[in-house]
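S.K.: Pasting a structure here, questions to come.
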Ligand code: ADP
Ligand code: MG
């Protein structure tokens, strides 16, 4: 199981930010209405996530951190499966295998909370603890037991950037949930659950940028595209500056990014790299999300249709607005 969790950790968890991404997904799956991410030193020393979701019953706590069906691993087929499909039911196990891990949880109907510590794969006994409804997870000393991996962590600013990025993507995709990000005891972002998309962009990237964005909302062939785009003269808020989502999942796609740039061609705007926050809502059988283990890349049934829908929708908006 040690080998399993270390391989698993390599595939799913490469840095504090990837742990945060997994934990955020779990909190959302648990129906959380508010999630706090609190890290120290970019997450190298501490990552803490607190949610108000449905919690984990005391007797299930050891299961939540146990390896699921993966103790059989080692054959080449299994490795292929890992690379192709990623892990289900392995995130907590993978994280707890390479950190000092504490989970506290209390479902509504349980009077006392339960606490479980796992030290680099070795679980203690479950104990009682006082805790509010929901789940709290703390990860300390990530990769202390896997020095080669610890060595690959970057500066605390860089690691914090990845943590923030994971939270921003999740918050953009989940408008009904409140997100707060704390770094070294300072509140960095606080997005209330009632914020609009424009307000959300303002929280994360500043109102000056958010105020200048142009709304897009267009439907074609059963695919709805909505969100905001900035003309290419606007400064990018970070090296990426483009956030694309398909059915509320963050994705990256070279062809779609190209369509965004292409939409501004010939419009006489000082060209750089347009800022965009765009959401596609489409039938799930027209997109394959299992192409990449971390599911950032997807495959569309009809990529040309997506490309031209995106290009035309942006062009229409900017041709008709007087910029
Ligand atoms: P998966 O999410 O694929 O099931 P994980 O290792 O991420 O696998 O989580 C294992 C299990 O622990 C989940 O299936 C869920 O039952 C429970 N769990 C994890 N995080 C939370 C949370 N924040 N709230 C409630 N249950 C959780
Ligand atoms: Mg999970």
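The values are calculated or read from the model by the stated rules, or taken from the named source; none is laboratory data. Keep in mind the model is a prediction, meaning the values are calculated, not measured. Positions of Cβ are generated from backbone atoms using ideal geometry, with glycine treated the same way; all protein chains shown enter the neighbour counts.
S.K.: Given the structure, is residue 79 at pLDDT below 95, surrounded by fewer than 14 Cβ atoms within 10 Å (Cβ to Cβ), away from ligand 1 (no atom under 14 Å from the Cβ) and not in a loop (DSSP other than H, G, I, E, B)? Even if it seems obvious, please write down each step before you answer.
M.R.: Details: at pLDDT below 95: yes; surrounded by fewer than 14 Cβ atoms within 10 Å (Cβ to Cβ): yes; away from ligand 1 (no atom under 14 Å from the Cβ): yes; not in a loop (DSSP other than H, G, I, E, B): yes.
It is true that residue 79 is at pLDDT below 95, surrounded by fewer than 14 Cβ atoms within 10 Å (Cβ to Cβ), away from ligand 1 (no atom under 14 Å from the Cβ) and not in a loop (DSSP other than H, G, I, E, B).
S.K.: I would also like to ask the following. Scanning the stretch 45-65 for residues that are within 9 Å of ligand 1 (Cβ to nearest atom) and in a helix (DSSP H, G or I), which turns out farthest from residue 156 (Cα to Cα)?
M.R.: 60
S.K.: Looking at (1) modelled with pLDDT of 90 or more; (2) surrounded by 13 or more Cβ atoms within 10 Å (Cβ to Cβ); (3) more than 14 Å from ligand 1 (Cβ to nearest atom); (4) part of a helix (DSSP H, G or I), which is the only condition residue 154 fails?
M.R.: It is condition (4) that residue 154 fails.
S.K.: Here's another thing I want to ask about it. Here is a check on your reading of the model: is residue 41 closer than 17 Å to residue 135 by Cα, at pLDDT 95 or above, surrounded by fewer than 20 Cβ atoms within 10 Å (Cβ to Cβ) and more than 11 Å from ligand 1 (Cβ to nearest atom)? Spell out how you get there, then give the answer.
M.R.: On the way: closer than 17 Å to residue 135 by Cα: no; at pLDDT 95 or above: yes; surrounded by fewer than 20 Cβ atoms within 10 Å (Cβ to Cβ): yes; more than 11 Å from ligand 1 (Cβ to nearest atom): yes.
No; evaluated as a whole, the condition is false for this residue.
S.K.: With the requirement that a residue be outside any loop (DSSP other than H, G, I, E, B) and under 25 Å from the mean Cα position of the chain (by Cα), what does the stretch 219-236 give you?
M.R.: Selection gives 223, 224, 225, 226, 227, 228, 229.
S.K.: Now for a different question. Just to verify a result, which residue in the stretch 223-251, among those that are over 22 Å from residue 177 (Cβ atoms) and in contact with a strand residue (DSSP E or B) (Cβ under 9 Å, 6 or more places away or on another chain), is surrounded by the fewest Cβ atoms within 10 Å (Cβ to Cβ)?
M.R.: Applying the filter and picking the extreme gives 236.
S.K.: Can you tell me which residues in the stretch 29-38 are crowded, with 18+ Cβ neighbours inside 10 Å and within 16 Å of ligand 2 (Cβ to nearest atom)?
M.R.: Filtering the stretch 29-38 for residues crowded, with 18+ Cβ neighbours inside 10 Å gives 30, 32, 35-38.
Within the stretch 29-38, 30, 32, 35, 37 meet the criteria.
S.K.: All but one of (1) within 15 Å of ligand 2 (Cβ to nearest atom); (2) closer than 25 Å to residue 154 by Cα; (3) at pLDDT 95 or above hold for residue 25; state the number of the condition that does not hold.
M.R.: Going through (1) within 15 Å of ligand 2 (Cβ to nearest atom); (2) closer than 25 Å to residue 154 by Cα; (3) at pLDDT 95 or above one by one, residue 25 breaks only (3).
S.K.: Have a look at 84, 99 and point out the one that is modelled with pLDDT under 85 and under 22 Å from the mean Cα position of the chain (by Cα). Steps first, answer last, please.
M.R.: Details: 99 fails: modelled with pLDDT under 85.
Only one candidate passes the filter, namely 84.
S.K.: Select, from 144, 173, 164, the only residue that is in the same structural domain as residue 26 (by TED's automatic domain parsing), over 21 Å from residue 59 (Cβ atoms) and within 16 Å of ligand 2 (Cβ to nearest atom). Step through it out loud before you land on a result.
M.R.: Details: 144 fails: within 16 Å of ligand 2 (Cβ to nearest atom); 164 fails: within 16 Å of ligand 2 (Cβ to nearest atom).
Criteria check complete, one pass: 173.
S.K.: I'd like to check something: does the stretch 102-112 contain any residue that is away from ligand 1 (no atom under 12 Å from the Cβ), within 29 Å of residue 289 (Cβ to Cβ) and either assigned to a strand (DSSP E or B) or at pLDDT 95 or above (or both)?
M.R.: No; the residues of the stretch 102-112 include none that is away from ligand 1 (no atom under 12 Å from the Cβ), within 29 Å of residue 289 (Cβ to Cβ) and either assigned to a strand (DSSP E or B) or at pLDDT 95 or above (or both).
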